[in-house]
Every structure is written in structure tokens, then in C-alpha cells.
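The values are calculated or read from the model by the stated rules, or taken from the named source; none is laboratory data. None of these values were measured; they are calculated from a predicted model. Counting neighbours? That spans all protein chains shown, and the Cβs are built from the backbone with ideal geometry, glycine included. In case anyone asks, the SASA skips ligands and DNA or RNA and just uses the protein heavy atoms, side chains included. Shrake-Rupley method; radii C 1.70, N 1.55, O 1.52, S 1.80 Å.
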Amino acid sequence: MKRISLFGLLFVGLQLSAQSVQSPLKEIALKFSLSTDGKPIYEVSYKDKPIIKASSLGIKLKEGGDLTSGFRIDSVGNWKNIDKSWQPVLGEQSTIKNVYNESIFALSQKATGRRLNIIFRVFDEGVAFRYDFPKQPNLNYFIISDEVSEFNLTGDHKTFWLPGDFDSQEYPYMETKLSEVNTDNIDRNNGIGLKSIAGKYVIQSPLMMKSADGIYMNIFEAAVVNYPVMHLDLMPNEFKLKSHLVPNAIGDKAYLQTPCVSPWRTIMVSDDARDIVSSKMILNLNEPSKITDTSWIKPMKYVGIWWEMHVGKSTWDYAGSQNAQNAADGELKPTGKHGATTENAKRYIDFAAKYGFDGVLVEGWNVGWEDWFGNWKENVFDFTTPYPDFDLKTVNDYAKSKGIKMIMHHETSGSVANYERHLDRAMELMKKYGYPAAKSGYVGRIIPRGEFHDGQTMVNHYNYVAQRMAENKLMINSHESSRPTGYGRTYPNYIAAEAARGNEFNAWSVGNPPMHETILPFTRLLGGPMDYTPGIFEIKMSVYDPKKKEQVHTTLTKQLALYVTMYSPLQMAADLPENYEKHLDAFQFIRDVADDWQESKYLEAEPGDYLTVARKDKHSENWFLGAITDENARDTEIRLDFLSPNKKYTATIYEDAKDADWQKNPMAYTIKTIQVTSKSKIKLHLAPGGGTAISFKPIN
């Protein structure tokens, strides 16, 4: 690999003027300098247009002064061109290119002698930087009280934002100008039980933006390890953002010991939205897999006892209430509505086996559900004791006889200390009965009390669980956790996460607006796959209770398209078996669609409006296409030049009927089959809130 020194050689002990690093294609430029009082400053431009104006960098310490000013540049070294490729265990493509230029600015503080390195990597899709704290006599153990990384924007951009809540990302997105951001204006009746919003102008990353002249920008972070999640403070009149680290129970941000590094802070930029949504920059900034043998990490398509609880058909709890549990004889008194019974599990196993699914999830199988929600109670679940009507061995033996894997459910009730105490026993139970994966949950306030979901303690916990699961050759899918920042590259058994507003909110709240699924790929999914739980066919909740007004805010065929547009190697067919058996023709797409990919092509993209994606199955020549829109109908024409040349394909098109509408007629669809080649074009009509799903199979 060729090394290119920056403006010649190393400069030692000198105050340097502004230094630049360009992206490999030279469209993005990073400029670094020190102010007259020794503050680190950076700027970013794209195609000679300013994107980030002069912005300060630095770290504040709880004791012994700050690392924000008084610096000199000791050296500028290791400017290098990296051009590598790697193969993810599971992913949107079989090979990922990692191409960037890097430079390290070694700083020292004149007054204290402390050293701080700032590392920049400039990719063709954006810039990343991190703080590197080398081993040194004047800085060993230290506490971060704040991080002052700034992002000084150039204008009042259109912004897709969530309030800076330390405990939840489960909000519908707001689409406003930066100057109009105000968390006081969000709908508080949004179905979120626990809210910890940090302030009027505190918002979350990843933050997706678009300038008036058509430049797309995204501010995020990568490789959050042993560090809190970064939210953003907005100074609306200045269009300036500053990092806002989530505190712990006593207000500190992070406890560190040198040598150590911060997470990467990332700025993606392009004049083509497809470059943002398809970027693998976040994954590339994480360490390679630490798991040597990954043969046991496999994609899964599953069904489960889950949606029926959300629509009110059954319950997670067995006895119904705390009073029922505390009967005079101390015995649980069943209500008859418990969903996780042996017989019901067998019904789902039969369905999974009949239609070619890999696994079955069962929630509510274990004792404790009667007395936990909202009580901030430490010892609720032991993760090993089933309810009287759920026989672990019988269910497992039956699943095994049908070739189906069971997915374990671990709801922690936010009592993380309790979960860690029981984790080894819980994993032993999983291995005993052959469960390859667990879905964990973190509903409620965190124990240790006073900690937040997004704090350093909890980030370490989520990563610890992934590591311990890996040691036991088990996969993990976390819900209500902090949002992923690419750690799934390092521990690919961290197969998926929720960490955003999922499909279940449509069952019992104001729901997810039709634009919701067009934004998530530009934000949440940049950090890793999402267990969104698509595939709801019975759109109106009034089917279960005539009094209910709630509904899924999509058409049926948009639910199909989500299997392509919302990447995950762990995909749930979330609706009830009986609802699929009413629409077996449409259900065929869910059966056919792959969950691990050889290649992905983002054909059309506009955040908040529409997305069209084509993907090739990793293990066949089949392609699948998903196209979705917001509340507006959309007509488009798609070129099929991603198909292999000189081949004919059968295209099965699942599309909205002419009179389909997410509100008025959401379940109206048509299915047609045509022959196509790579030279063909297909016209698509997407209804309001609608979508189209297509499978392409070669004709032998």
C-alpha cells in the first residue's frame, strides 16, 4: 500500500497552519487547524461547497482541567490511503469495500503536558473523527464531564429528527427546518411509556438533513464502545450542533483509562440520497469480527406468539394481575388468555414447518409478567422458570421433530443487574433445548436505578451480552436498547436490534405515519439491521375489537416491500397465522424473499418520500425488489439493468390495486407475472402509503 506523507514529512513541535485531507475521489475535503488560543478546529467541504464551517473539538474533564484549548501540534503523521475489502458474515452484500484517507494529528497541551490525538478518516461518502488518548504519565484514569465536538452547519436545512430522549428512540420522526426544531412540539400521546427528554433543543443522532441546494447530510457515530451515546444540542439561531453525551446516575459521562479512544463522529455528505442510504461507512469504522468460527451464525425467518398480544387476542401474563398472583394459597390463578401455552406454540410450529420458516418466537413463556411493568422492581424474571401451561421440553421436542428452531425471549424489565446475575443460567437453558437465538427486551426504567438506556453502563451491558452470547455460540436480537453503531461487524452474532419505533406501535397507539419507513433506512439502519417485524396483513385493528380505531399506516403490499427495504437477516412474519392463510397468494412473497444478500442496489431514494431497493439472494440467482412511498401516491419507471444480461426472468409483481389507499382501502392488491430481461423497464404505481414487491427468478 502506497503511503503519502502530508505536505512532505513530519512536523515536530511546530504550530502548523491549516492542513487538508481529501477523500479518495477528491470530492470531500477535511481541513484541520488550531485557533490562536490552541483550540482544535475542523471544516468540511463537498465539491468545494462548505458543509461544516469552522467547528471546535475537545473533551472536558471532571478533574484536572480540560482538553479543549492550549494545544500545539506535535506531529502530523500516518496520512495513508486505505483500499481494502472484507466479507460480512451476514449482510446487504457479500463484499464491502473500505476505502479512505487517514491522518492523525498529535497534539500536546502546553500547560499540562497532556497529549491528545485526533484521528480523521475521509471516505468518498463522508468524514469521521475520533479522540485517541495515548498512555501518558499526566493522564491515566479520568472522567469525562462533557464532549464539545461541534457541527457548525451552513444553513437552515430540512431535518428529520427525534427528541433527545436518553431512554427511547421509539418516536415518529419530525420533518422540519432546523430553526423549527422544538421538542415541546412533539405529540406526547405517542404510545411511549417512559420519556427522558433532555431539553427543548436536544435531538438524537443519526440526524438526516437536506440543504436548500440539494445536498444530503447525516450526522451520526460509529463504534460506540465503553462510552455513552451521543445526542446533539442544537443552537437553532446559529444552525450549530454540539455533542451531548448521556450521563450516568451521578451526572458523569464516561470513566476511562488510557490508552483508549472515543467513538467515531461521522458526517456523511452527497448530492445523491442513494449514497447516504447505501453507505457502509459506519460498519467500516468498527473493528473486524472477533469471532473466529462464525459457521453457527445464520439468518432466520420466523413467526411467533407476539402480535396476538399487541392486538389483544391474548396476554403475556398468565394470572392477569398482581392480586391474582397473591391469592391466599400463593398459587397463580390463570385467566385463560395466556398466549404462551404449549398447544399454541405447537400451532405456530406447525405453521412455520408448513410454510418453510426457520424459527418460532414465544413471548410470555416465563413467570413474572403479572408484577413488573412500571414498578421499577429488581427481581422479576429468572429467565428459566416457565409458566405451568408451557412445557419447555415438550415444545422443544415437537419443534425439533418438525425441523423448527425456537427463539428464546428474555424481557429484562429494565433490571439489568438481575439479568446479568441470571445470564449464564439462561444461556445454559437455551443450549439445553437447542435455542440458537434470544430476543432481549429492556422495557422500563433501568436498574441500577438512575442509569439511562443510552448511558455508558448500558452500552457496556448490551455489548457484554453480545460477547457472552458469542462465547456460547448464541445469537442476540435486542429491543429497547441503544441504537446500533456498527458493533454487529465486531460481534456478528448481534444479529439485529429494534432501537427505533417498530411496527407494533400501529396496533395500540397513534401509529407510525406513512413516511416513517422511508426515513429509517437513512437513520436507524445505517448502524445495523433492524427487527422491524413487518408483514402485517390485517391492517385495521377494528377486526379484533370494533371499538378500535388504530391501524397499520401502510397498504398490504407495502408490508411486503419492507422485507426488501428494511434490511435484517432476522425477519419476522409478524401477523397471525390465520391472517396469512386468508391471503396465501400475497404470503408467497414472504415465503420466497431472501434474508441474506449477495448484492444490493439502491435505485431511488428520497428521505421522507420514497425508497426503491433491489437485492440479489446470496445463495441463488434470484432478485427481489421493494418500492415504498409516503402518504403520497407515486408513479415511477424502474430499469432492470441490475439483472444478469442474456437471461430471462419471471417477475412476480405484488402491487397496490388501482383503488388502494392506506386509509381507505389498504388491503386491496393485485398480483401479476411477466417475463423480463436486464433491458426491460417496469412501471410502478404506488398508492398513498403504498408499495410494490417483486420477485425475479431466472427461467432455466
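The table that follows gives values for the structure above.
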| quantity | calculated |
| --- | --- |
| Cross-link partners of LYS679 among aspartates and glutamates (Cα-Cα below 15 Å; sequence separation of 8 or more within a chain) | GLU637, ASP641 |
| Under 5 Å, built H, 5+ apart or other chain: amide partners of CYS260 | PHE133 |
| Relative contact order %, the stretch 145-267, counting alpha carbon pairs below 8 Å whose residues are six or more apart | 31 |
| Set LYS53/LYS200; LYS26/LYS80; LYS540/LYS664 screened for pairs whose C-alpha atoms are more than 20 Å apart | LYS53/LYS200 |
| Accessible area (Å², per residue) of the stretch 44-182, counting only protein heavy atoms and a probe of 1.4 Å | 36 |
| Residues of the stretch 604-664: accessible area per residue with a 1.4 Å probe, Å² | 42 |
| The stretch 189-267 shape via C-alpha gyration tensor axes, a/c threshold 1.5 | oblate |
| Using θ = phi - 60° and Karplus 6.51 cos²θ - 1.76 cosθ + 1.60, couplings along the stretch 276-290 (whole Hz; Gly, Pro as x) | 6, 5, 9, 5, 10, 4, 5, 4, 5, 7, 9, 5, x, 4, 8 |
| Amide H contacts of LYS301 (H built 1.01 Å from N, under 5 Å, at least 5 apart or other chain) | ASP358, GLY359, GLN571 |
| Charge dipole magnitude, Cβ of K and R +1, D and E -1 - the chain, Cα centre, debye nearest 20 | 1740 |
| Stokes-Einstein translational diffusion, the chain - Kirkwood Rh over all Cα pairs, 1.567 mPa s, 4 °C, in µm²/s | 49 |
| Per DSSP, loop trypsin sites (Lys or Arg not before Pro) in the stretch 100-160 with at most 16 further Cβ within 10 Å | LYS110, LYS135 |
| Out-of-range pairs (alpha-carbon distance over 19 Å; input LYS97/LYS681; LYS354/LYS432; LYS301/LYS432; LYS210/LYS240) | LYS97/LYS681; LYS354/LYS432; LYS301/LYS432 |
| Aspartates and glutamates with Cα under 16 Å of LYS548, excluding same-chain neighbours fewer than 8 positions away | GLU308, GLU504, GLU538 |
| Relative packing of peptides 293-300, 411-418 - highest average C-beta neighbours within 10 Å first | 411-418, 293-300 |
| Residue-normalised accessible area of the stretch 273-407, expressed per residue, 1.4 Å probe, Å² | 43 |
| Local electrostatic count, LEU429, Cβ distance below 13 Å [Lys/Arg +1, Asp/Glu -1] | +1 |
| Cβ-based net charge around LYS679, under 13 Å, with every Lys or Arg adding one and every Asp or Glu removing one | +3 |
| HN-Hα J in Hz across the stretch 156-161 - Karplus 6.51, -1.76, 1.60, θ = phi - 60°, x for Gly and Pro | 8, 6, 5, 9, 10, 9 |
| Accessible surface of the chain [probe 1.4 Å, protein heavy atoms]: carbon and sulfur percent | 48 |
| Nonlocal amide H pairs with LYS177, under 5 Å, H built at 1.01 Å | THR159 |
| Exceeding the 28 Å Cα-Cα cut-off - candidates LYS242/LYS439; LYS558/LYS672; LYS195/LYS405 | LYS242/LYS439; LYS195/LYS405 |
| Relative packing of peptides 196-204, 564-572, 433-441 - highest average C-beta neighbours within 10 Å first | 564-572, 433-441, 196-204 |
| Enclosed volume per residue, in Å³, of the convex hull spanned by Cα atoms of the stretch 373-439 | 92 |
| Karplus 3J(HN,Hα) series, Hz, for the stretch 89-106 with 6.51 cos²θ - 1.76 cosθ + 1.60 (x for Gly, Pro) | 5, 9, x, 7, 8, 6, 9, 10, 8, 10, 10, 6, 10, 10, 9, 10, 9, 8 |
| Calculated [θ] (222 nm, deg cm²/dmol) that DSSP helices of n ≥ 4 give over the chain, each run adding -39,500 (n - 2.57) | -4000 deg cm²/dmol |
